[in-house]
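In what follows, a single structure is set out as structure tokens and then discussed.
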Amino acid sequence: MSAAICVEHLTKSFGGRKAVDDLSFSLPEGAFLSVFGPNGAGKTTLLRMLATLSRPTEGSITLAGINLKEEPERARASIGLISHNPMLYPDLTAEENLLLFARLYGVADPQRRVIELLDAVGLKHRRLDRVRTFSRGMTQRVSIARALVNDPAVVLLDEPYSGLDPHAMAIFDELIASVRANRTFVMVSHDLEKGLSLADHVLVLARGRKVAFAEKETLAVDEFHDLYRSTVGLGVS
């Protein structure tokens with residue numbers, strides 16, 4: 001199986017501190033990777049580099065066969081990003097937000113694509129309402145539609161469950177399941193149980209370095225829990 005993401009000797013430095021330190025791993029197409037670690041472990045920094053929002057200090061990332069350093073614009077067409085920040089314009093309607101992103105990506109027939117996505121996330125009936133009138137859960141559903149508007153091969157999730165109530169979390173789970181086929185996911189999470197339930201691969205970081213990377217089916221769950229607990233004490237002081 002070919003690799004959807006290949007990270008080689010990746011390092012990101014801020015002054016004298018290495019937020020990500022010589023990280024390497026390869027993720028096959030269609031995999032779901034959950035990334036765990038304490039605060040300051042480098043999880044969000046890694047995700048920002050995968051999303052082309054931050055450039056590595058050293059090393060390389062190949063995503064969907066594209067070198068992110070050499071062709072970041074081309075790579076962005078294959079990436080969708082969902083985070084606790086919905087990255088929407090609150091004074092625009094749901095439809096206007098999605099049309100804006102669809103046109104930025106050069107989506108063919110953007111109106112049809114936007115209606116299709118709003119229907120998929122259960123908000124077609126609210127398409128003409130301003131996003132600022134939406135609940136947190138509804139806003140996150142529009143955010144999912146925004147991230148999928150370009151039909152990305154790779155979807156990145158940065159603490160996507162943050163601030164969601166149990167009902168909104170259940171809806172989010174259903175939406176992720178409905179679009180999971182033929183896509184590769186990388187999710188940063190502090191929620192060990194949720195992250196493990198979704199993942200087929202896991203990565204544990206501490207102080208920017210790889211503590212563990214493995215297919216979930218090869219892990220002894222109790223041992224993994226012990227490993228994870230031990231990394232919590234390795235956060236940035």
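3J(HN,Hα) couplings calculated from phi for the stretch 72-84 with the Karplus curve 6.51 cos²θ - 1.76 cosθ + 1.60 (θ = phi - 60°) are, in sequence order, x, 5, 5, 5, 4, 5, 9, 10, x, 10, 10, 9, 5 Hz; Gly and Pro show x. Qualifying trypsin sites (Lys or Arg not before Pro) in the stretch 148-226, where qualification requires a DSSP coil assignment and no more than 16 other C-beta atoms within 10 Å, comprise ARG180. Please report how far the C-alpha centroid of the stretch 9-34 lies from that of the stretch 126-174, rounded to the nearest whole angstrom. Comparing the Cα centres of the stretch 9-34 and the stretch 126-174, I get a distance of 26 Å.
Using only alpha-carbon positions in the stretch 145-237, the gyration tensor eigenvalues give semi-axes of 25, 15, 14 Å once each is multiplied by 5 and square-rooted (largest first).
For the stretch 66-204, compute Rh as the Kirkwood radius over C-alpha pairs and then the Stokes-Einstein diffusion coefficient at 10 °C and 1.306 mPa s; write the answer in µm²/s, rounded to an integer.
103
Of all beta bridges that DSSP places with both ends in the chain, some 55 percent have antiparallel geometry. Global size of the stretch 1-119: 16.5, 49 Å for Rg and Dmax (C-alpha atoms, Rg to one decimal, Dmax whole).
Computed 3J(HN,Hα) for the stretch 144-160, one whole-Hz value per residue from the Karplus formula 6.51 cos²θ - 1.76 cosθ + 1.60 where θ = phi - 60°, is 4, 4, 4, 5, 9, 4, 9, 6, x, 7, 10, 10, 10, 10, 10, 6, x, glycine and proline marked x.
Treat every Asp and Glu Cβ in the stretch 52-104 as -1 and every Lys and Arg Cβ as +1, leave all other atoms uncharged, and give the resulting dipole magnitude about the Cα centre to the nearest 20 debye.
Roughly 160 debye for the stretch 52-104.
Across the cross-link table entries LYS18/LYS216; LYS43/LYS210; LYS18/LYS69; LYS12/LYS194, which are compared at the Cα atoms, the separations over 21 Å belong to LYS18/LYS216; LYS12/LYS194. Taking every Cα-Cα distance in the stretch 44-112 and sorting them into 10 Å bins from zero, the calculated P(r) comes out as 18, 41, 31, 9, 0 percent. Taking amide H positions as modeled 1.01 Å from N, with prolines and chain starts lacking one, the residues under 5 Å from SER54 and 5 or more places away or on another chain are MET49.
Under a 5 Å amide H cut-off, with hydrogens placed 1.01 Å from N, ILE82 pairs with LEU156, LEU157, ASP158 among residues at least 5 apart or on other chains. For the chain, the alpha carbon convex hull comes to 129 Å³ per residue, rounded to a whole number.
Note that the stretch 23-34 has calculated 3J(HN,Hα) couplings of 8, 9, 6, 10, 10, x, 4, x, 7, 10, 9, 9 Hz, one per residue in order, obtained from phi through the Karplus relation 6.51 cos²θ - 1.76 cosθ + 1.60 (θ = phi - 60°); glycine and proline are x. Would you mind computing, in nm to one decimal, how far apart the modelled labels at GLU71 and LEU92 are, each placed 7 Å from Cα along Cα→Cβ? A separation of 2.7 nm, rounded to one decimal place. What angle, in degrees between 0 and 90 and rounded to the nearest 10, separates the Cα long axis of helix 94-104 from the longest principal axis of the Cα atoms of the chain? Taking the Cα atoms of the chain, the angle to 94-104 is about 70 degrees.
Note that the stretch 22-77, at 25 °C in a medium of 0.890 mPa s, gets a Stokes-Einstein diffusion coefficient of 199 µm²/s from its Kirkwood radius over C-alpha pairs.
Since every read-out is calculated from the coordinates, none of them should be taken as a lab result. Please read these numbers as outputs of a predicted model, since none were measured by experiment. Here Cβ is always computed from backbone atoms with ideal geometry, including for glycine, and neighbour counts include all displayed protein chains.
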